[in-house]
Amino acid sequence: MKAILNAAVGSMKKRVLVASAIAAAMVLVGTSVMADNIASIETNTSGTLVTLDSNPIITAVMSHGGGFSVNGHTYNNWAILAQDSGGSIDLFGALPSGTSESNPTVGDAIGATGTFSPFNQIPEIGSMTSLTNISSGNAVPPPPVFTVPQLNLTTLPQNVAGHLVELDNVTITNASANGGLFPNGNFSYILKDGSGNTMTMFFQVTSYSSDGAMIGNTVPTGPVNILGLMNVFSGTTPELIPYSITAVPEPSSFLLVGTGLLGFFALRRRRS
């Protein structure tokens, strides 16, 4: 009888060990294959610590931080747009110490950890605790092209929020403001398409070095194609923040590409 009981106990212990091994293997497998892509990160609430390990590709550097200066403006925060198969996100803030991605460049594949902190409907990872270079020189996905009605929404769809987007064949109706030059300060321009649809382009030099680099350049008066990032200010005002502005048709000498009226506009809540 004692031998039978010992055999039964031994069998039970073996089953427990096997079950534990299977559970541990499931945890290990889950950890290694269940990457946090951008779409899954965007389901979190603000303030959640997240890990981005789907190796997204940098599509634009809206702002070059780390004390970079252009036209009298110094930028301490980076604004890096990165895109994977599930979406696009902005990595905003100072680079963590010891990062292997010390000079974020379009075409780099990266990994990151930090706090999910959406801003004006821009999905963002802020307060980065790590930023890793996975590889460089990768093919960059082309920016999706939208129309004014598709962008001029108070709730941005997932295929717009956080993406570098393209808006073609629009005119800047108040191009003559500020003496016809991009000003040394934040300013709202009005974009108009061929059907009469209008929306706001917010020239935001206080936050984005791409805009700061355009200061003093002539605002084009004819049709342009614009690459930029959408946000919705105060939940009511959709705005396109420009990254580059190209005349249509494109003369060889005209291309405004960023390396990134005060008064009323200075009262708007903006970051630096």
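Read-outs: derived from the displayed coordinates by stated rules, not from any lab. On a predicted model such as this, the values are computed, not experimentally measured, just so you know. Reconstructed Cβ throughout: ideal geometry from the backbone, glycine too, with neighbour counts over all protein chains shown.
A few comments on the model shown:
- Computed E for THR154/ASN44 - FRET, C-beta separation, R0 25 angstrom, nearest 0.05: 0.70
- For region 38-135: span of alpha carbons on each principal axis (Å, largest first): 38, 30, 22
- Were the residues from SER100 through SER127 laid out at 0.36 nm apart, the gain over their Cα-Cα distance would be 8.1 nm.
- Burial ordering of HIS163, HIS64, HIS73, fewest other beta-carbon atoms within 10 Å first: HIS73, HIS64, HIS163
- Shape summary: region 145-267 maps onto an equivalent ellipsoid whose semi-axes, from the alpha-carbon gyration tensor, are 20, 18, 14 Å in decreasing order.
- Here LEU164, LEU181 are placed in order of increasing Cβ neighbour count within 10 Å, fewest first, which gives LEU181, LEU164.
- Spatial offset of region 135-158 relative to region 43-120 amounts to 17 Å, using the alpha carbon center of each.
- Working note: Cα gyration tensor of region 117-217, eigenvalues times five, square-rooted, sorted largest first, giving semi-axes of 27, 19, 14 Å.
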